[in-house]
Amino acid sequence: MRAPRKIAAALAAAGLLASLPAQARAEEAADPHAHHHQMMMSMKRATRSTADYALPAIDLVRDDGKTVSLPAELDDGKPVVLNFIFTTCTTICPMMTQVFARLQERLGPERDRVHMVSISIDPEQDTPARLAAYARKFHAGPQWRYYTGSTEASVAAQRAFDVYRGDKMDHTPVTFLRAAPGRRWVRIDGFASADELAEALHELVAAR
Ligand SMILES: [Cu+2]
């Protein structure tokens, strides 16, 4: 494969695709296997960083149809594990969701003290009912909620966590963890395993 694509895939794995020159991005887009490629590269290595994200005062709609404020929902006092998904995705999202399903199994009864959050990046398709069905499919417990809302709200949430890529097909696997309100977020770019997430969560909670 040509060098620019190799670089693009490596940068994608590191979550740095947005900073690629336009030409390299265009080549990435022109390659029908780029998305798959990007995913395979992402699987090799998950990179951890920490960040402060300002939560915008937006409303989202939870899978039970209730309208909730994003900051209030995330500031419920529990450790938060968060990702962005869309239910019709056939590549990254089912894998990330499977990892969340394994994580809640691994946590056992402890899961009730954790808040797992999946926010749709395709709010037009992902109605609360559709998200509820997706949650059931992956046996999501009551501590794991799905969120949708207006397109503006979804984009604002994605921008707040620096994952907005313009097109949902350009998304990369990212998971966020936070021990408590006001604490820094841990950002994991790439595919983290359920074991890695449980470990990261335990470290965060122990350091709280
Ligand atoms: Cu996806």
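Coordinate-derived values only; no laboratory data. Since the structure is predicted, the reported quantities are computational estimates derived from the model, not experimental observations. Counting neighbours? That spans all protein chains shown, and the Cβs are built from the backbone with ideal geometry, glycine included.
Couple of notes before you dig in:
- Length released on extending from Asp75 to Arg102, taking residue separation times 0.36 nm less the Cα-Cα span: 7.3 nm
- Efficiency of FRET between Glu152 and Ala206 - r from beta-carbon atoms, R0 41 angstrom, step 0.05: 0.60
- Ranked packing of 126-133, 69-76, most packed first, by mean Cβ within 10 Å: 126-133, 69-76
- Inter-label distance, nm, simple model (7 Å from Cα along the C-beta direction), Arg159/Ala129: 3.2 nm
- Antiparallel bridges, percent of DSSP beta bridges restricted to the stretch 48-206 (to nearest 5): 65 percent
- For Arg111, net neighbour charge (Lys/Arg +1, Asp/Glu -1) across residues whose Cβ lies under 12 Å away: +1
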